[in-house]
1. Go through region 223-249 residue by residue and tally those that are farther than 18 Å from Leu135 by Cα, outside any loop (DSSP other than H, G, I, E, B) and open to solvent by less than 50 Å² (accessible area, probe 1.4 Å).
2. Would you pick out the residues in region 168-182 that are open to solvent by less than 40 Å² (accessible area, probe 1.4 Å) and either closer than 19 Å to Phe210 by Cβ or in contact with a strand residue (DSSP E or B) (Cβ under 9 Å, 6 or more places away or on another chain) (or both)?
3. Filter region 186-242 down to the residues that are out of contact with any helix residue (DSSP H, G or I) (no Cβ under 8 Å at 6 or more places or on another chain) and aromatic (Phe, Trp, Tyr) and list them by number.
4. Which is basic (Lys, Arg), assigned to a loop (DSSP other than H, G, I, E, B), in contact (Cβ under 8 Å) with a residue 12 or more places away in the chain and open to solvent by 10 Å² or more (accessible area, probe 1.4 Å), of Lys50, Lys115?
5. So which residues in region 67-91 are buried (at least 22 other Cβ atoms within 10 Å of the Cβ) and either closer than 16 Å to Val247 by Cβ or in contact with a Cys (Cβ under 8 Å, 6 or more places away or on another chain) (or both)?
6. Tell me which of these Ala204 doesn't satisfy, since it passes every other one: (1) closer than 23 Å to Lys125 by Cβ; (2) outside any loop (DSSP other than H, G, I, E, B).
7. What are the residues in region 207-228 that are among the β-branched types (Val, Ile, Thr) and either within 16 Å of Thr68 (Cβ to Cβ) or under 12 Å from the mean Cα position of the chain (by Cα) (or both), if any?
Amino acid sequence: RIAIQDFSQYFLATTRTNMKSITLLLAFAIVGTFAWPMMNGKLIKGDAHKWIAPQKGDVRSPCPVLNTLANHGYLPRDGKNITKNKFVSALEDGLNLGFDLANLLAAGAESSFGKTAIDLSDLQKHNVIEHDSSLSRLDNHLGDSTVLNPGLFKRLLNASSDGKVITWNDFVVYRRERQAESKADNNQWVFDLKQQAAAAGEVAAFVSVFGDWFVGVSVENTRSVFQYERFPQGWKKPWIPVFGVEVLPRAAQVEIEMMR
């Protein structure tokens, strides 16, 4: 009995010691994961994704989010020769989009131009991905649709119901205004199913990534991405990947409301 009792005490003591060691190892592993972030299994150097404004010869798109990814080095900083795989990696690593949504968006960009690598400036082609009734840019027929329009941008920020956050419904209200304006002022206005789906998807994805679907996205986060094409200060990409199963139903909800 004494031998069995001694063995039991030894076993319990050893188990507790091992458990403490395992717990410490797990703690160090978790801390290490966040202290030294990974991308595609490789350590990210501290300055690898700092914001750098476009340089002479660099190209950008009509999409402020893609431009932000280029300014932070997730997409090529010059905005050129972007393959489908580069698009997917940038969307996953920079925004934490799920593989399904990242592949869907990248495949759409690739198939729209019929080539294996594109420049961000290719996305300026009217009615391919760029579309009328933009929230922050003039219609292609009415002016330069590739640059931020100060008046429209100010109205976008003012769309916030409380001056602090822009909810998806705030986006819908402003989007209806933009659609009505374009329809009245632009005799070449095009806003068919393809453009409607793109416009709704932009709202759903932007709020899901840079804010909270049930709360909204802050005015300051919106300002940072749309005006400066820079990740907002203090913003962190979603902890859990944003999959299509989450975004697509939200986009459908936005589309229904904005076309009422």
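The values are calculated or read from the model by the stated rules, or taken from the named source; none is laboratory data. These figures come from a predicted structure and were not determined experimentally. Here the Cβ is made from the backbone with ideal geometry for all residues, glycine too, and neighbour counts use every protein chain on show. Quick note on the areas: whole protein, heavy atoms, side chains included, nothing else; ligands and nucleic acids left out. Shrake-Rupley method; radii C 1.70, N 1.55, O 1.52, S 1.80 Å.
1. Qualifying residue count, region 223-249: 3.
2. Asp170, Phe171, Val172, Tyr174, Arg175
3. Phe214, Tyr228, Trp239
4. After ruling out the rest, the residue left standing is Lys50.
5. Answer for region 67-91, where residues must be buried (at least 22 other Cβ atoms within 10 Å of the Cβ) and either closer than 16 Å to Val247 by Cβ or in contact with a Cys (Cβ under 8 Å, 6 or more places away or on another chain) (or both): just Leu91.
6. The failed condition is (1).
7. Those that are among the β-branched types (Val, Ile, Thr) and either within 16 Å of Thr68 (Cβ to Cβ) or under 12 Å from the mean Cα position of the chain (by Cα) (or both): Val207, Val209, Val217, Thr222, Val225.
Residue-wise test of (1) in a helix (DSSP H, G or I); (2) over 21 Å from the mean Cα position of the chain (by Cα).
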| residue | (1), (2) |
| --- | --- |
| Asn140 | no, yes |
| Gly143 | no, yes |
| Leu156 | yes, no |
| Asp170 | yes, no |
| Val173 | yes, yes |
